[in-house]
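Worksheet: the structure to be examined is printed underneath.
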Amino acid sequence: MNRSGVETKLDMMNESEKNSLRAFVRHWQRVGPLLEEVRRRELRELGNGPCDPLVESLLELGEIASKSQPQTTSGLVEQQRRFRKLWGQ
């Protein structure tokens, strides 16, 4: 049961199913970054077109964002704070 006292699908699984699910998660934790690297390499190798600098910049931005701390909020409160500051309120 979760903190609210609601039974989840995980609670209804037997130990064998939970072990299979754990193995599945471990597999994708290992394979996911490898597939991401393949995707990035393929994007970089698309060809020498006019959008190449833009593609490279977006990939670099994605790498920076993936290394930053995960957001704990949507950012709307911060956005409103900045708007108030910008508009002098």
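The values are calculated or read from the model by the stated rules, or taken from the named source; none is laboratory data. All values reported here derive from a predicted model rather than from experimental measurement. In this analysis, Cβ positions are derived from the backbone assuming ideal geometry, glycine residues included, and neighbour counts consider all displayed protein chains.
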For segment 66-79, does any single residue satisfy the condition of being among the basic types (Lys, Arg) and surrounded by 10 or more Cβ atoms within 10 Å (Cβ to Cβ)?
no
Here are some conditions: (1) among the β-branched types (Val, Ile, Thr); (2) outside any helix (DSSP H, G or I); (3) modelled with pLDDT under 80. Thr73 meets all but one. Which one does it not meet?
(3)
Subset of segment 12-36, residues among the charged types (D, E, K, R) and exposed (fewer than 10 other Cβ atoms within 10 Å of the Cβ), comes to Glu15, Arg30
Can we say Leu86 is surrounded by 10 or more Cβ atoms within 10 Å (Cβ to Cβ) and either hydrophobic (A, V, I, L, M, F, W, C) or on the phi > 0 side of the Ramachandran plot (or both)?
no
Only one of these is among the aromatic types (Phe, Trp, Tyr), part of a helix (DSSP H, G or I) and at pLDDT 90 or above: Phe83, Phe24. Name it.
Phe24
In segment 43-73, what count of residues is obtained for those that are over 25 Å from Pro33 (Cα atoms) and small (Gly, Ala, Ser)?
1
